[in-house]
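See below for the structure under consideration.
No value in this document is a laboratory result; all are computed from the given coordinates. Please read these numbers as outputs of a predicted model, since none were measured by experiment. No Cβ is skipped: glycine too gets one built from the backbone with ideal geometry, and neighbour counts run over all protein chains shown.
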Amino acid sequence: MINYIIDQTTIERLRALINGVQRIVITCHKSPDGDALGSTLALCHVLRRLGKEATVVTPDMAPKSLEFIPGLRDLVVFTRQELRAKHILNDAQLIFCLDFNSLHRIDRLGELVAPLKAKRVLIDHHLNPEDIFDVVISHPEVSSTCELVFRVLLQLGMLQFIDRQTASCLYVGMTTDTGGFAYSCDSPEFYEIMSLIMRRRIDRVFLYNKAMNTFSADSLRLQGYAISQKMQLFPEQGASLIALTKEELERYNYSRGDTESLVNKPLAIPGIYWSVFLREDADKIKVSCRSQGSFSVSDICARYFNGGGHENAAGGDFIGTMDEAVAKFHQVLADLFPDVPAQPVEQQSQQDNNNENEIE
Ligand code: 5GP
Ligand code: MN
């Protein structure tokens with residue numbers, strides 16, 4: 001049985017809002033991922049089936065690797081079609097904000113959305129949403145915004161509108177936000193929802209491989225380089241750091257999405273329970289963190305990197321040089337582990353340690 005976790009009064013307010021409008025915009029966070037795109041496109045499909053004029057407007061481009069998601073070609077990308085995006089937004093009677101909790105997560109689009117008269121509906125699973133939404137459906141305990149969109153549709157009594165295409169979109173977000181069913185999916189209800197998605201006869205193997213196991217040769221080479229040459233381990237603090245400069249990224253013809261799951265890789269090493277990835281972008285250093293267990297990287301990102309996220313998956317930005325960003329990481333180590341010297345263990349010496357253990 002799938003419990004109704006969303007307050008039914010909220011659902012009825014949402015129903016009334018949808019019934020009262022025709023033109024609807026759905027948006028998501030910048031650098032959209034599988035969950036952001038899957039949830040917005042799924043909701044868009046359903047609203048169109050209800051006869052609404054629904055449009056997904058994203059703050060920036062989707063990565064090429066996610067172009068397989070059904071409906072992605074219809075996106076209005078703000079950085080590419082600014083005038084069109086402005087027109088659609090100004091004309092909108094209702095705005096859905098999916099998979100983000102604060103307007104600064106949608107960049108310059110946020111400045112456009114803030115003054116609009118249209119009502120704003122939040123559907124999201126990040127902690128601490130900003131107090132700027134008219135309807136708030138915020139559930140950090142669920143796996144993904146896609147799961148939450150499914151639950152909204154369930155409670156609205158609209159499951160019949162989830163066709164194969166919509167189910168495929170929802171599957172993508174529930175897969176990518178759980179690292180391919182590795183974390184954030186302990187609730188039995190997650191699988192009950194998945195079973196209803198499977199009943200729509202989605203092409204699961206195709207979607208899983210596209211979402212989780214498809215990388216360009218350049219991307220694989222870059223990841224290999226990052227792990228073999230750039231990964232620094234701090235076993236005493238259970239930490240790993242990978243920092244890639246613009247020059248290194250360019251060497252491997254980096255394009256957006258190429259380092260998508262890299263930050264997770266060091267967590268495969270026994271004893272490493274949090275991982276930081278620093279990537280030098282045009283105007284900032286992008287920070288990406290992952291952890292296991294109760295170690296909260298969202299706290300670290302909020303405190304040191306102007307960001308946030310979930311306990312085990314968070315991110316932020318650093319304005320400055322890569323050396324300064326690395327120094328900031330060392331400051332985090334020193335603050336959290338004041339009694340432990342922050343020396344990375346070189347891979348070779350780790351190897352030696354392992355060999356010693358074997359001899360014993
Ligand atoms: P990723 O490491 O995949 O970029 O992001 C992981 C999670 O961290 C995202 O789902 C989002 O919750 C959070 N996150 C990433 N970047 C930022 C950021 O710049 N600001 C905030 N507040 N959260 C972020
Ligand atoms: Mn998400």
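For the reader, a short list of remarks on this structure follows.
- Restricting attention to region 270-289 and to residues that are free of Cβ contacts under 8 Å to residues at least 40 places away in the same chain and among the acidic types (Asp, Glu), the residue that is surrounded by the fewest Cβ atoms within 10 Å (Cβ to Cβ) turns out to be ASP283.
- Meets criteria (crowded, with 23+ Cβ neighbours inside 10 Å, closer than 28 Å to GLY257 by Cα and not hydroxyl-bearing (Ser, Thr, Tyr)) for LEU83: no
- Looking across region 233-256, the residues that are crowded, with 19+ Cβ neighbours inside 10 Å, touching a residue at least 40 places away in the same chain (Cβ under 8 Å) and in contact with a Pro (Cβ under 9 Å, 6 or more places away or on another chain) come down to LEU233, PHE234, ALA239, LEU241.
- Residue ID - farthest from ligand 1 (Cβ to nearest atom), chosen from residues in region 290-341 that are part of a loop (DSSP other than H, G, I, E, B) and surrounded by 18 or more Cβ atoms within 10 Å (Cβ to Cβ): SER296
- Residues of region 131-139 include none that is polar (S, T, N, Q) and more than 16 Å from ligand 2 (Cβ to nearest atom).
- Hey, ASP124 within 16 Å of ligand 1 (Cβ to nearest atom), among the acidic types (Asp, Glu), free of Cβ contacts under 8 Å to residues at least 40 places away in the same chain and under 25 Å from ALA182 (Cβ atoms) or not: yes
- Residues that are part of a strand (DSSP E or B), within 16 Å of ligand 2 (Cβ to nearest atom) and either out of contact with any helix residue (DSSP H, G or I) (no Cβ under 7 Å at 6 or more places or on another chain) or hydroxyl-bearing (Ser, Thr, Tyr) (or both) are absent from region 85-96 altogether.
- Residues considered: LEU112, LEU98, LEU75, LEU83. Of these, the only one that is of a type outside the set (Val, Ile, Thr), in contact with a Ser or Thr (Cβ under 8 Å, 6 or more places away or on another chain) and more than 16 Å from ligand 1 (Cβ to nearest atom) is LEU75.
- Qualifying residue in region 23-46 (condition: aliphatic (A, V, I, L, M), assigned to a loop (DSSP other than H, G, I, E, B), under 24 Å from PHE150 (Cβ atoms) and touching a strand residue (DSSP E or B) at 6+ places or on another chain (Cβ under 7 Å)): no
- The residues listed here are LEU267, LEU244, LEU233; of these, the one that is more than 9 Å from ligand 1 (Cβ to nearest atom) and either polar (S, T, N, Q) or under 25 Å from LYS30 (Cα atoms) (or both) is LEU244.
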